[in-house]
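Written out below as C-alpha cells is the structure these notes cover.
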Ligand SMILES: [Ca+2]
C-alpha cells in the first residue's frame, strides 16, 4: 500500500470533488504521456505549455537509464526558477556509502538538532528520544494527548533557544484536531506542555506536520487539509496552509493577511520546509495521484490545491518550481544545504537532490532508489554530514528489516558535475 493509493489519496473518494479530480486527472494523464514520449524540445512546443507563455525544459542530466527516466518528469518554467539560489560551483553531492547513526526506531518522523544532541519524534508512541552520535538514544519525554491513527500522531519538532532556555516544539494529532505545543528542555528532560496553537484540522490522513523556525525568528507550520480539499482554499481554515506565527502562537504584525496566521494557501499535504541562503522559504507538497511538488513559497501565495495539482499555468495559482510523478517521490522532509536542496521520498523510496544550473533551471538527481526503503526526513546532522531518516515501520512500506527504522549519515562534497 502506498501513500498515494490510500488515505494520502483522497479526492477520488469524495464525490463532491469529482470535478476537480477529473480535470486534474486529465491534465496529469496528458502531461504524463508527453513526458514519456517526447523530447525536451517537443515538450516546449506542446500547446498547453506554450499557452502559459513560458518556456519549459526537461532536465535529465543523469548517468543511468533509471535516473534518466525519473529525472525526466521534473519540469520548471524559466520564469519560476531562481538562478540566484545557487551556482554550479557550490553544488553538493553525496559522498560514499551512508553509515548508520541510529537503528531500531519506530516510525521516526522528525529529527532536529538541539546543541550537540539530536532529538527524534516517534509518530505512534508519542515519544521524543535524544542522542549524541555514537551513543544509543534515550527517552527524554512523551508528548501527552497524542492520538496516533494512520498518518496522524506525533509529527514535526522544532527547537528554540531563548534567553538560555531551550524549548522543544511539537506538532501532533489529538483525538479531534492537530495542535502545536512546546515543552522546556532542561537537564536532558522535557518539562510541562504549553499549548502554542490549537484547532488545526487533522485526521487519519493529510496532516502535513513539519514545523520550523525561519530566519526571521517566526515559527512556520505546514498543515494538511485533513482529507477535506476545500479547506486548502478557505482562508479562514488553518488546514492546507503554511502558517506563520510568533513563538507564542500569535499572529505577527507583518503576515500577508492582517490578523491571520495564514502565510500561504492551496497546499494539500505539505511535510517539508526549508530556507535558502536568501531567506526564501521552500516547501514540498505531497500530491494526490499525479504530481508531487517543490514550491518556492511567497507570502500570500496560492499553491493551487485542489483546483490545480502540479503545474497548471493558471495566473491565480503559483506553479511548483519542480514537480515529480507521484510514484517517483511522495515527498516529506526537505532541507537546503549550501546551494543544494535534498528531499525525502516516501513513495519513491529515494532521496532527491535539486540544484539550479547557471541559467536557473533545476537539475534533479535521484539517490539510493529502493535501497533504504521509504525516506521520511532529511536534515543537516550534528556531525556536518547529511542525515536521512527511513520510515519502513510506518505501516505503508514493505516488511521492515530488523534494523528499521534508521537514521543514516552521508558526507557531502562539492562537485562540478551537473
Ligand atoms: Ca500546487
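Nothing in this text is a laboratory measurement; each read-out follows from the coordinates by a stated rule. Note that the structure is predicted; figures quoted are calculated from it, not measured. Methodologically, a virtual Cβ is constructed for each residue, glycine included, from the backbone with ideal geometry; neighbour enumeration extends over all protein chains shown.
Observations, loosely collected:
- Gain in span if fully extended, residue 258 to residue 280, counting 0.36 nm per residue against the direct Cα distance: 5.8 nm
- For the pair residue 216 and residue 383, a Förster radius of 25 Å applied to the C-beta separation gives a FRET efficiency near 0.35, rounded to the nearest 0.05.
- Cα radius of gyration and Dmax for the stretch 216-334 (Å): 13.3, 41
- Between the stretch 124-143 and the stretch 217-293, the Cα center-to-center distance that results, in Å: 28
- Peptide packing: for 248-255, 166-173, the average count of neighbouring Cβ atoms within 10 Å per residue gives the ranking 166-173, 248-255, highest mean first.
- Rough spin-label spacing in nm, given labels placed 7 Å along Cα→Cβ, for residue 413 and residue 236: 5.8
- Per-q log10 I(q)/I(0), the stretch 88-127, q = 0.16, 0.18 Å⁻¹ (Debye; single scatterer per alpha-carbon; no solvent): -0.62, -0.72
- Packing-based order for 262-272, 319-329, 197-207, using average beta carbon neighbours within 10 Å, highest first: 262-272, 319-329, 197-207
- Sorted by Cβ density within 10 Å, fewest first, the residues 139, 150, 386, 412: 139, 150, 412, 386
- Volume per residue that the Cα convex hull of the stretch 314-389 spans, once the total is divided by residue count, Å³: 107
- Inter-probe distance in nm under a simple model that places probes 7 Å from Cα toward Cβ, at residue 248 and residue 316: 3.7
- Estimated FRET transfer efficiency when R0 is 25 angstrom, pair residue 142-residue 401 (beta carbons, to 0.05): 0.45
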